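So the structure is just underneath, and the comments pick up after that.
The values are calculated or read from the model by the stated rules, or taken from the named source; none is laboratory data. Please read these numbers as outputs of a predicted model, since none were measured by experiment. Methodologically, a virtual Cβ is constructed for each residue, glycine included, from the backbone with ideal geometry; neighbour enumeration extends over all protein chains shown.
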There are 2 protein chains.
Amino acid sequence: MHPMGIATVCLSGTLDDKLTAAAAAGFDGVEVFEPDLVAAADTPEAVRARCADLGLTIDLYQPFRDFEAVPPPLLAANLRRAELKFRVMERLGADLLLVCSSVHPDSVDDDDLAAEHLHLLSERAADHGVRIAYEALAWGRHVSTFDRAWRIVRRAGHPNLGLCLDTFHILSRGSDMSAIRVIPPEKLFFLQLADAPRLDMDVLQWSRHHRLFPGQGAFDLAGFLRTVLETGYTGPLSLEVFNDVFRQADPRVAAVDALRSLLGLQEAAGVDTALPAPPRLDGVAFVEIGAGAGADAEVAGALEALGFARSGAHRSKPVALWEQGSARILVNRAAAAEGATAVAAIAVESTDPPASARRAERLLAPILPREHRAGEADLAAVAAPGGTSVFFCRSDVEEGWRADFAPTGDPAASDSVLHGVDHVALTQQTDDFDGAALFYRTVFGLDPETPAEVAAPFGLMRSLSMADAAHRVRIALSVAAVRRGGWAPAVPHPQHVAFATGDIAAAARRLRDAGLLLEIPANYYEDLDARLAPPPGRLELLRANALLYDRDGDGEFLHCYTPVLGSRVFFEVVQRLGGHTGYGAPNAPVRMAAHRRDRLRRRA
Amino acid sequence: MHPMGIATVCLSGTLDDKLTAAAAAGFDGVEVFEPDLVAAADTPEAVRARCADLGLTIDLYQPFRDFEAVPPPLLAANLRRAELKFRVMERLGADLLLVCSSVHPDSVDDDDLAAEHLHLLSERAADHGVRIAYEALAWGRHVSTFDRAWRIVRRAGHPNLGLCLDTFHILSRGSDMSAIRVIPPEKLFFLQLADAPRLDMDVLQWSRHHRLFPGQGAFDLAGFLRTVLETGYTGPLSLEVFNDVFRQADPRVAAVDALRSLLGLQEAAGVDTALPAPPRLDGVAFVEIGAGAGADAEVAGALEALGFARSGAHRSKPVALWEQGSARILVNRAAAAEGATAVAAIAVESTDPPASARRAERLLAPILPREHRAGEADLAAVAAPGGTSVFFCRSDVEEGWRADFAPTGDPAASDSVLHGVDHVALTQQTDDFDGAALFYRTVFGLDPETPAEVAAPFGLMRSLSMADAAHRVRIALSVAAVRRGGWAPAVPHPQHVAFATGDIAAAARRLRDAGLLLEIPANYYEDLDARLAPPPGRLELLRANALLYDRDGDGEFLHCYTPVLGSRVFFEVVQRLGGHTGYGAPNAPVRMAAHRRDRLRRRA
């Protein structure tokens, strides 16, 4: 494996906060971002010593801007500036300086002059034992592509001058990667990795605010990395991600996300990372809902209404097992405060639970200590972002988790309507959203689906779902695009479990009979009629049963909801017709407004 | 004055939250945004009644999309869809429907066909007493400019068909406004107003996420409005602003901002609004700092160190007056909790305080009840966003606010170094930032200066300052671009008062002698030397006195800081050389890191 690095600009805090977080996550080295050093009270010597203590190499000092192809007085000033920075680098023990292609209005479009100036700079750098990595900014005034930067580096012909490749600057322009193959590895001084969503905007703003860790965006970083490694590049794989959310998020969490993303990227690029391959997942074994006193009865009531049987009681904990088809819900009275509810855990059926757990651990998922008594199952458990635990298990083995439950003998409903868990939906805190998506994607080995954006009553929501190829495990994440202020009266960070059915109308009727069907206003059906013109029978079915509806070329999606049970958990029932793979995102605002009304009504 | 309206999409909440907020702010009418109605439990009839109760007209129902210039089967479906919507409008009592130019992939580039289809639609609309306002979306598939939309409307030649002009769609494209002059007023059915910052990005994303209320962005809305009104347009002036922050902010606050922006716009466009013109401001009369027990001594210590004299004591309240030159600080022990500090009030010298107050009141600034005893000054006071009060006063009158203070007889420092207040800097909550800028700009009559963005240690900061033409009153606002999560250890919402000096080194020495100079690290001066190469004497002066430094073509800016006093207030001293009008924004990250270190050191 290559040494793994991270630019300090990726993380929030003071320089020491950043170095500490990078080392704790397991990075081998850092790029020191100049403004972080400038604001630090530690001298360069002290930073050098701190990095040594932390086991971090200083792989790069950056950025040095607006140097080349300028008039003589500016060149002289730039060389003076460089000289002072070389001295800082010597004290810091950093021997590689990133020089970005100029955006200076006085720079000229002359590769020969640029090469000459960079040669001069490299000469001065050599006196201090420093090497120069020249990088084409995507918005460079004259040099904005890596192949042109490479021609200038070649022309300059100085041993202390090489190239820095940054995936953002190259992939944001849609440049042809194949030209990378002609660069000899000894001239490829540095590789900076960043992903990004595809945005149609000013590239500088895109770069400065919206970069993401590998795998969180839309770039083909695995293909890029393969191409670079095929040249024989042996330097560090270093992340340089400017992101408004990461800039203010806990750097200890962000650094773990960063390293996880880099491991996932290497796996995707075929680099041997010693990561166990993700075992096949066969579905959701159970979802554990924490429901404190008071709330537990609400949850139990909804499960009963839906036709679940309370089939087991945990032998040592206040946990009930409810079952219907392959849908299993654990209700844990000890896992939430009075009146509160939360998705405490998601257990997935793994074909090889120990390998799943090893993979999660290698991907830096915190391993949870399990309290289990003699004779009880010892499930491998890790902590997912947002307070949910994840278990890997096999329900079909003798000594599995089910043996912990004493059968109650309660009969299942004779007319079972639900046959399994369709998906689990979790709402994340702003800072956790991209990290949570990365977690479930890499740890479970799921593929991301199309992101959605929904204008909900109390603010914009973004969502991203992910699933295995067979759609046996689906996780849907969402987040308030702007972190909520004091006004929003909606349920904070709601979570829900969606059950699959073949007869949604029957499920809705059961809920309504129990007073637990979320009612949907007439306006919705009138609009639905205008928009999608469902056949009259279908429209009447929807309207009569408070069902929401979506449709695309692949099929239809019918769904209904319970009220919010306790503080923030509710259930959904979904019926998929044809090959529909969506989640009814366009209906989310209607559902949210209905949940709010329902809450106000119940409180009144 | 024209009737003033607002689209419900501008505001957060359910439809009823929005209607209530719009009416409370004083709007005359609303555009009902369809998704708000669809999610509402109220029938169209009930919404109609509610609007009538609130005194709101329903000026527009919107949007109807993707109608015209499509193949026959799609046209038939679109007419069916329209028919159902016309019925909803009849029940709602809305007689104007916004039809946006099509973005449908099956629409064709044929103005004759578009005109024919719109004629057909208008025919059907007429049967329901509905009129159609056709609007060119800036990203319309074929029709993306208002003049082309106007040609189609003219060609269609139906009395129930007219044009809707939306400033965003027109100004985002940089279209020539003069073509508006040829549109007869009776064909101009509706006017939607929105401002926006100049962004170089996909216009649809720009429109959906970044619109602002008039005066908060970069568009020439006053010029636009003048042009439209010169045509003889008599319809409502209606705001349609899609903004991610406003979408989740308290709608009662946002609706007030909206109406304030519309009043300011009309004033700028020369419409008679009965707003008193902003009286000339002659400076900051005083800043009142709330400093609870414990914190008051810290604030007093810093003022003393800076050479302020405690010249007066309030006759009835626990408030001390500190003076130096024209800089005056009131320290109010009753206006903050124990250990806390805040800028409780800013008093500005107005040449006509009653007119300033009347203007503020007409601009919906909440008037504050003043507690004053017989014989004490009755200052006109309004509440600014963020918890700061604003007073309008004249310090040079006999019975002014100073008469409330009994002179202490404390002598002023013999060697006064500060001569006034340079600016007051306030950090806003995310939801308040654009509103606060609007408030100070319109109520005080200040001009906005260049916005700045700073990558601070704990997240990106945005700032906007504003000043009167003579720079006598300067207010600098800033905000964390992403609302902070739990990690950020910085001071929440810091505020500071910056004093002007002619001898910054002397001021810094005084602070240092008192142990109240914020120390700046050596790395800063090494970087400053490399970046700006100040003459050696100047560099030494800066370094020796912990001064920060900025420079541009207009002059130099030298500044230094005290530690944070109490919970969130600190002082700055600034010296401007030449005509420098900045605030040292590039130094903010260094200052913030230094403040954090100082806090940790003091706590240790």
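Let me spell it out: the conditions are (1) out of contact with any Phe, Trp or Tyr (no Cβ under 9 Å at 6 or more places or on another chain); (2) among the basic types (Lys, Arg); (3) buried (at least 22 other Cβ atoms within 10 Å of the Cβ), and B:ARG50 meets all of them except one. Which number is the exception?
(3)
Among the residues of the range B:19-46 satisfying the criterion of being more than 9 Å from chain A (Cβ to nearest Cβ), part of a helix (DSSP H, G or I) and not hydroxyl-bearing (Ser, Thr, Tyr), which is surrounded by the most Cβ atoms within 10 Å (Cβ to Cβ)?
That would be B:ALA22.
Residues are listed down the side, and each one gets a yes or a no for (1) in contact (Cβ under 8 Å) with a residue 24 or more places away in the chain; (2) under 30 Å from B:ARG208 (Cβ atoms):
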position	(1), (2)
A:PHE146	yes, no
A:ARG151	yes, no
A:LEU161	yes, no
A:THR167	yes, yes
A:ASP176	no, no
A:LEU193	yes, no
A:SER207	yes, yes
A:ALA218	no, yes
A:SER238	yes, no
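So if I check each of A:HIS169, A:HIS158, which one is surrounded by fewer than 24 Cβ atoms within 10 Å (Cβ to Cβ), more than 14 Å from every other protein chain (Cβ to nearest Cβ), touching a strand residue (DSSP E or B) at 6+ places or on another chain (Cβ under 9 Å) and not polar (S, T, N, Q)?
Result: A:HIS158 is the single residue among A:HIS169, A:HIS158 that is surrounded by fewer than 24 Cβ atoms within 10 Å (Cβ to Cβ), more than 14 Å from every other protein chain (Cβ to nearest Cβ), touching a strand residue (DSSP E or B) at 6+ places or on another chain (Cβ under 9 Å) and not polar (S, T, N, Q).
Return the residue satisfying two criteria in turn: it lies in the range B:456-485 and is basic (Lys, Arg) and at the interface with chain A (Cβ under 10 Å from one of its Cβ atoms), and of such residues it is surrounded by the most Cβ atoms within 10 Å (Cβ to Cβ).
B:ARG484
Could you please find all residues in the range B:119-146 being of a type in the set (A, V, I, L, M, F, W, C), in contact with a helix residue (DSSP H, G or I) (Cβ under 8 Å, 6 or more places away or on another chain) and outside any strand (DSSP E or B)?
Correct list: B:LEU120, B:LEU121, B:ALA125, B:VAL130, B:ALA136, B:LEU137, B:ALA138, B:TRP139, B:VAL143, B:PHE146.
Could you tell me whether any residue of the range B:503-526 is of a type in the set (A, V, I, L, M, F, W, C), within 10 Å of chain A (Cβ to nearest Cβ) and in contact (Cβ under 8 Å) with a residue 12 or more places away in the chain?
Yes, the range B:503-526 contains at least one residue that is of a type in the set (A, V, I, L, M, F, W, C), within 10 Å of chain A (Cβ to nearest Cβ) and in contact (Cβ under 8 Å) with a residue 12 or more places away in the chain.
Do you know which residues across the range A:199-243 are part of a loop (DSSP other than H, G, I, E, B) and farther than 17 Å from A:ALA437 by Cβ?
Within the range A:199-243, A:LEU199, A:ASP200, A:ASP202, A:ASP220, A:THR231, A:GLY232, A:TYR233, A:THR234, A:GLY235, A:PRO236, A:GLU240, A:PHE242 meet the criteria.
Against the definition (within 14 Å of chain A (Cβ to nearest Cβ) and either at pLDDT below 95 or touching a Gly at 6+ places or on another chain (Cβ under 6 Å) (or both)), how does B:PRO534 come out, yes or no?
yes
Does the range B:237-247 include one or more residues that are over 19 Å from A:PRO457 (Cα atoms) and either surrounded by 22 or more Cβ atoms within 10 Å (Cβ to Cβ) or in the same structural domain as B:CYS10 (by TED's automatic domain parsing) (or both)?
Yes, some residue in the range B:237-247 is over 19 Å from A:PRO457 (Cα atoms) and either surrounded by 22 or more Cβ atoms within 10 Å (Cβ to Cβ) or in the same structural domain as B:CYS10 (by TED's automatic domain parsing) (or both).
Any idea which of A:ARG91, A:ARG65, A:ARG80 is more than 21 Å from A:ALA194 (Cα to Cα), within 14 Å of chain B (Cβ to nearest Cβ), among the basic types (Lys, Arg) and touching a residue at least 12 places away in the same chain (Cβ under 8 Å)?
Going through A:ARG91, A:ARG65, A:ARG80 in turn, just one is more than 21 Å from A:ALA194 (Cα to Cα), within 14 Å of chain B (Cβ to nearest Cβ), among the basic types (Lys, Arg) and touching a residue at least 12 places away in the same chain (Cβ under 8 Å): A:ARG91.
B:PRO492 is checked against (1) more than 10 Å from every other protein chain (Cβ to nearest Cβ); (2) in contact (Cβ under 8 Å) with a residue 60 or more places away in the chain; (3) surrounded by 17 or more Cβ atoms within 10 Å (Cβ to Cβ) and fails just one. What number does that condition carry?
Single failed check for B:PRO492: (3).
Please indicate, with yes or no, whether at least one residue in the range B:429-449 is out of contact with any Pro (no Cβ under 6 Å at 6 or more places or on another chain), of a type in the set (Ser, Thr, Tyr), within 25 Å of B:ARG568 (Cα to Cα) and away from every other protein chain (no Cβ under 14 Å).
Yes, there is a match, as at least one residue in the range B:429-449 is out of contact with any Pro (no Cβ under 6 Å at 6 or more places or on another chain), of a type in the set (Ser, Thr, Tyr), within 25 Å of B:ARG568 (Cα to Cα) and away from every other protein chain (no Cβ under 14 Å).
Among the residues of the range B:247-267, what is the count of those that are in a helix (DSSP H, G or I), within 14 Å of chain A (Cβ to nearest Cβ) and not acidic (Asp, Glu)?
Residues flagged as in a helix (DSSP H, G or I), within 14 Å of chain A (Cβ to nearest Cβ) and not acidic (Asp, Glu) within the range B:247-267 amount to 8.
Kindly indicate the residue of the range B:537-548 that is within 13 Å of chain A (Cβ to nearest Cβ) and not in a loop (DSSP other than H, G, I, E, B) and also surrounded by the fewest Cβ atoms within 10 Å (Cβ to Cβ) among those meeting that condition.
Restricting to residues being within 13 Å of chain A (Cβ to nearest Cβ) and not in a loop (DSSP other than H, G, I, E, B), the top hit is B:LEU539.
Kindly indicate whether A:VAL253 is aliphatic (A, V, I, L, M), closer than 30 Å to A:PRO353 by Cα and crowded, with 18+ Cβ neighbours inside 10 Å.
yes
Could you check A:ALA437 against (1) in a loop (DSSP other than H, G, I, E, B); (2) under 19 Å from the mean Cα position of the chain (by Cα) and say which number it fails?
Evaluating A:ALA437 over (1) in a loop (DSSP other than H, G, I, E, B); (2) under 19 Å from the mean Cα position of the chain (by Cα) leaves (1) as the failure.
Please find, within the range A:552-583, the residue that is surrounded by the most Cβ atoms within 10 Å (Cβ to Cβ) out of those that are on the phi > 0 side of the Ramachandran plot and part of a strand (DSSP E or B).
That would be A:GLY555.
Would the range A:501-514 turn up any residue that is in a loop (DSSP other than H, G, I, E, B) and in contact with a helix residue (DSSP H, G or I) (Cβ under 7 Å, 6 or more places away or on another chain)?
Yes, some residue in the range A:501-514 is in a loop (DSSP other than H, G, I, E, B) and in contact with a helix residue (DSSP H, G or I) (Cβ under 7 Å, 6 or more places away or on another chain).
Taking only the range A:1-18 into account, find how many residues are of a type in the set (A, V, I, L, M), more than 22 Å from the chain's Cα centre (by Cα) and not in a helix (DSSP H, G or I).
Residues that pass the stated criteria total 1.
Results for (1) closer than 25 Å to A:GLN428 by Cβ; (2) hydrophobic (A, V, I, L, M, F, W, C); (3) within 14 Å of chain B (Cβ to nearest Cβ), shown as yes or no for each residue.
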| residue | (1), (2), (3) |
| --- | --- |
| A:MET177 | no, yes, no |
| A:ILE180 | no, yes, no |
| A:ILE183 | no, yes, no |
| A:TRP206 | yes, yes, yes |
| A:ARG211 | yes, no, yes |
| A:THR231 | no, no, no |
| A:VAL245 | yes, yes, yes |
